[in-house]
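Enquirer: Provided herewith is a single structure, encoded as structure tokens, for subsequent inquiry.
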Amino acid sequence: MDSMKIPASIRIEVPEEFGSVYTNEDGSRQYVERRQQVGRSMIRALEALDALFTEEEQFEKACEIYKSIFTDWDLADSQTGPLPKPWQNAKAFEALMDMDMRLTLWVIGLVFTSMARLLDIQSSEEDIKN
């Protein structure tokens, strides 16, 4: 696995609209962490992929980008358990898509969400990690 330093990130809880399946045993919501800075080259590369879910090659290219954007998560499949961690792991996104397509679309949307909006979504700034 790549030893690249994990960048500053923000933790975003899975919204209640996805149901109780994304609530941990301790009552906390499962979360996704995304790097705070998503550069122009990453955004442009993702925007160029117009058949992300119909062409395997495009999905694989997107996963190679996502693995540098998403730094952590505690997502788990109710049947098979925790998903592989996303940081520097393109295969984690295949596991996510196989588990829940709606959640996958939400996660992907986080790439294009501004930090101001993400902070607004969260209840406190304690979820920002430097």
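Enquirer: Given (1) free of Cβ contacts under 8 Å to residues at least 12 places away in the same chain; (2) farther than 17 Å from residue 104 by Cα, identify the lone condition not met by residue 58.
Expert: (2)
Enquirer: While we're looking at this one, here's another question. I want to confirm something. Restricting to segment 1-48 and keeping residues that are of a type in the set (S, T, N, Q) and in contact with a Lys or Arg (Cβ under 8 Å, 6 or more places away or on another chain), which single residue is surrounded by the most Cβ atoms within 10 Å (Cβ to Cβ)?
Expert: Within segment 1-48, the match that is surrounded by the most Cβ atoms within 10 Å (Cβ to Cβ) is 9.
Enquirer: Something else now. Yes or no: segment 56-70 includes at least one residue that is over 15 Å from residue 94 (Cβ atoms) and modelled with pLDDT of 95 or more.
Expert: Looking through segment 56-70, at least one residue is over 15 Å from residue 94 (Cβ atoms) and modelled with pLDDT of 95 or more.
Enquirer: Moving on. Please go through segment 86-122 and pick out each residue that is buried (at least 17 other Cβ atoms within 10 Å of the Cβ) and in a loop (DSSP other than H, G, I, E, B).
Expert: Selection gives 86, 87, 89, 90, 100.
Enquirer: For the structure I just gave you, tell me whether residue 5 is outside any helix (DSSP H, G or I) and among the basic types (Lys, Arg).
Expert: Yes; evaluated as a whole, the condition is true for this residue.
Enquirer: Okay, moving on. Let me spell it out: the conditions are (1) surrounded by fewer than 18 Cβ atoms within 10 Å (Cβ to Cβ); (2) within 14 Å of the chain's Cα centre (by Cα), and residue 62 meets all of them except one. Which number is the exception?
Expert: (1)
Enquirer: Looking only at segment 23-51, count every residue that is in contact with a helix residue (DSSP H, G or I) (Cβ under 7 Å, 6 or more places away or on another chain), in contact (Cβ under 8 Å) with a residue 24 or more places away in the chain and over 19 Å from residue 12 (Cα atoms) and tell me the total.
Expert: Counting residues in segment 23-51 that are in contact with a helix residue (DSSP H, G or I) (Cβ under 7 Å, 6 or more places away or on another chain), in contact (Cβ under 8 Å) with a residue 24 or more places away in the chain and over 19 Å from residue 12 (Cα atoms) gives 2.
The values are calculated or read from the model by the stated rules, or taken from the named source; none is laboratory data. If you're wondering where the values come from, they're calculated on a predicted model, not measured in any experiment. Positions of Cβ are generated from backbone atoms using ideal geometry, with glycine treated the same way; all protein chains shown enter the neighbour counts.
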